[in-house]
1. Given the residues GLY415, GLY420, GLY464, GLY452, which is the only one that is modelled with pLDDT under 90 and touching a helix residue (DSSP H, G or I) at 6+ places or on another chain (Cβ under 6 Å)?
2. With a cut-off of at least 2 residues that are touching a residue at least 60 places away in the same chain (Cβ under 8 Å), in contact with a strand residue (DSSP E or B) (Cβ under 6 Å, 6 or more places away or on another chain) and over 19 Å from VAL538 (Cα atoms), name the helices (runs of 4 or more DSSP H) lying wholly within the stretch 575-687.
3. Anything in the stretch 47-64 that is modelled with pLDDT of 95 or more and either farther than 19 Å from ILE163 by Cα or more than 16 Å from the ligand (Cβ to nearest atom) (or both)? List them, or say none.
4. Here is a list of conditions, (1) surrounded by fewer than 21 Cβ atoms within 10 Å (Cβ to Cβ); (2) not in a helix (DSSP H, G or I), and GLU237 meets all of them except one; can you say which number that is?
5. List, please: which pairs have Cβ atoms under 6 Å, are six or more places apart or on different chains, and start with a residue in the stretch 130-146 that is closer than 12 Å to THR116 by Cα and end with one that is within 15 Å of the ligand (Cβ to nearest atom)?
6. Output the residues belonging to the stretch 85-94 that are of a type in the set (A, V, I, L, M, F, W, C), within 16 Å of the ligand (Cβ to nearest atom) and under 24 Å from the mean Cα position of the chain (by Cα).
7. Would you confirm, using the coordinates I've provided, whether GLY517 is within 34 Å of the chain's Cα centre (by Cα), in a loop (DSSP other than H, G, I, E, B), at pLDDT 85 or above and on the phi > 0 side of the Ramachandran plot?
8. Looking at VAL304, VAL326, which one is at pLDDT 95 or above and among the β-branched types (Val, Ile, Thr)?
Amino acid sequence: MAQPDNQSKRFFESLSGAGKSIAVLTSGGDAQGMNAAVRAVVRMGIYVGAKVYFIREGYQGMVDGGEENIKEASWESVSSMLQMGGTVIGSARCKEFRCHEGRLKAAHNLVQRGITNLCVIGGDGSLTGANLFREEWSGLLEELVQQGLIDEDAVQKYSALHIVGMVGSIDNDFCGTDMTIGTDSALHRIIEVVDAIMTTAQSHQRTFVLEVMGRHCGYLALVSALACGADWVLIPEMPPEDGWEEKMCQKLSANRAGMKRLNIIIVAEGAIDCNNKPITTDHVKDLVVRCLGFDTRVTILGHVQRGGTPSAFDRILASRMGVEAVIALLETTANTPACVVSLCGNQAVRLPLMECVQMTQEVQKAMDEKKFEEAVKLRGRSFENNLKTYKLLAHRKLESELPHSNFNIAVLNVGAPAAGMNAAVRSAVRVGISEGHKMFAVNDGFEGFYKGQIKEVKWADVGGWTGQGGSLLGTKRTLPAKHVEKIAEQMRAHNINALLVIGGFETCDRIKQSASGTKRRVFIIETMGGYCGYLASVGGLAAGADAAYIYEEPFDIRDLQSNVEHLTEKMKGAIQRGLVLRNENSNENYTTDFIYQLYSEEGRGVFDCRKNVLGHMQQGGAPSPFDRNFGTKISAKAMLWLTKKMNETFRQGRVFANTEDTCCLLGMRRRALVFQPVVQLKDETDFVHRIPKEQWWLKLRPLMKILAKYKTSYDVSDSGQLEHVVRNIQPKESDPSGAM
Ligand code: ADP
């Protein structure tokens, strides 16, 4: 269970920002989640005893200076910011900062306030500017002395400027981080629009040409194409070959003939052909109308993609990055190069800023030089895999082109329904067919299996499955043990060589909350998850909860008491809203009702309480882009692996499945997706509570506590944040919207 590890506890206790001044700014294009990053920097900064300043309007505020532009932040000043889109402290493009004079003014404004630590949240332009500023710093101070604006003492005292970058950009166009702040929210917006368009297009048999953002990077287009099963996608990194117009039209008309009532074509803003000539949505539309006569409409999403509330993922990402940025600043010495904090798999890491910027710029260079394969490679492994998966799924081979493996594979869902399961089944079926296998679908999990509810599925049977919630195959919690004989019989009868089982102990990834806006009220929310406190903890981080009670981290009456006291104190101040999450099985006696009653009684006269058991709502609804992609990619990977394993173990007409690695669980571990033999997982699993014995996300819990409470103590360690070595830049290994 989650016991604080003493080494990291000591590390956190040793952190001190006393006497330091940190400034935070957002620059360049805005992105959802920037506010969460600002909030985290402010609160973590104050937590370690530093002074924190906001700089408004990006570099413009730094150049202009003045009370309003550079203002000290308080704990309360970032309250209720977490759920807001855009950037509350303003962002701008600033010409003056590009010139030496502008940077000189900026340096003067910082020195006057004793600020030598800077957190810059922006794109590669903003980070390049930050790095330049840092390199010039001592020269700028000398100039200020010569102009009589500062004295030699100030030069000594403020001799080095420390910089940490966080990448805020909806395009996910930065090398070195799996996801940039804002990308996941932008994907949410795109998928909401695609889902809405699909219903109208369905009614009229239409073709929709959709332009999404990404002047230089096709990430948003590619991933939304994967998430909605688009017919065609055009991105700058992979210009279509000559003659693509004809091919695209052929594909659209083949899809129509296959009973598909609508077509979706996604075009990245910066899409080009292989001669670097832009491909516009109008060009695509004219083509479809001219060649096929289809009713075709163009939708340009534009700024909608930057709007709306940040997704849970972006809030968590930005909060983690903000905390890590402050730790990085405290550890920086005059000789450490500027770094960006970023995400690798599920870990926070630090990378050298300029190397990342250079690599990002090289992608553009490669595209300009028409070295498209190189551009895709430079984007990283995750991008490459997105592309590979898209190609695997989008291009339906003709019957005559298909290989014939003579293998039969069955797919089934088990356990609770979870958003994304259908995307996983669709991907398995299609990849399986492309690999030459015969695919079978089992209804109602192992129960349906032993009862013989199994039949062959074809490519078209799973059309449109990515966006649908629940489990279209049907799923049951029935365990196979009692029915093994009958299941074996079914496997023999259908000659099944391999099984793909999609499900888990407790799977659900949907949590909605609205608790802001009301005064002096504490919301007590019960989340699902069986004994697994993931949803309560990570949901708590995303929603800015005051406490999250979970089974993995035992709590007693003293904890409850201190939480109630904390809330009572908080309600007397400027922040008059409380949020407490409780995982359904966190404690058999301290039930949601008990906690509700305790808080109601203790809060009498200060705040009132409301409780809400989220229940099955958490499992419902349309899957998020993350789940669609994750389902799609993980399943494609599983099918390719099954193909390989079956070929390896095929002898005398039979598949031999007698080694450990013929029964594996595919999942994300630290930075990569790995196939783990189930036998090996036995020791790592708590079967009674249906959870792993070690849960990686426990390290996120202290962050939630620190960001929610003033003067809390670091009672639990965050081992993930301990990775404070500056790592060499690596290609992207995975991204959360479908790591591979
Ligand atoms: P993004 O950060 O989103 O890539 P921009 O490229 O527009 O956006 O950069 C935002 C701001 O960062 C610019 O307006 C400018 O103030 C500053 N900046 C960008 N590049 C540089 C540079 N090479 N030198 C100095 N400042 C820069």
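1. Step by step, each of GLY415, GLY420, GLY464, GLY452 is checked, and only GLY420 is modelled with pLDDT under 90 and touching a helix residue (DSSP H, G or I) at 6+ places or on another chain (Cβ under 6 Å).
2. Values: elements: 592-602, 625-648, 678-681.
Those helices (runs of 4 or more DSSP H) span 592-602, 625-648.
3. Those that are modelled with pLDDT of 95 or more and either farther than 19 Å from ILE163 by Cα or more than 16 Å from the ligand (Cβ to nearest atom) (or both): ALA50, LYS51, VAL52, TYR53, PHE54, ASP64.
4. Against the list (1) surrounded by fewer than 21 Cβ atoms within 10 Å (Cβ to Cβ); (2) not in a helix (DSSP H, G or I), GLU237 comes up short only on (1).
5. Within 6 Å, the pairs are PHE133/ARG103; ARG134/LEU161; ARG134/ILE163; ARG134/ALA338; TRP137/LEU161.
6. We begin by selecting, within the stretch 85-94, every residue of a type in the set (A, V, I, L, M, F, W, C); these are 88-89, 92, 94.
Still in the running and within 16 Å of the ligand (Cβ to nearest atom): 89, 92, 94.
The one that is of a type in the set (A, V, I, L, M, F, W, C), within 16 Å of the ligand (Cβ to nearest atom) and under 24 Å from the mean Cα position of the chain (by Cα): ILE89.
7. Spelling it out, it is not the case that GLY517 is within 34 Å of the chain's Cα centre (by Cα), in a loop (DSSP other than H, G, I, E, B), at pLDDT 85 or above and on the phi > 0 side of the Ramachandran plot.
8. VAL326
The values are calculated or read from the model by the stated rules, or taken from the named source; none is laboratory data. As the structure is a computational prediction, the values presented were derived from the model and not from experiment. Quick reminder, even Gly has a Cβ in these numbers, built from the backbone with ideal geometry, and neighbours come from all protein chains shown.
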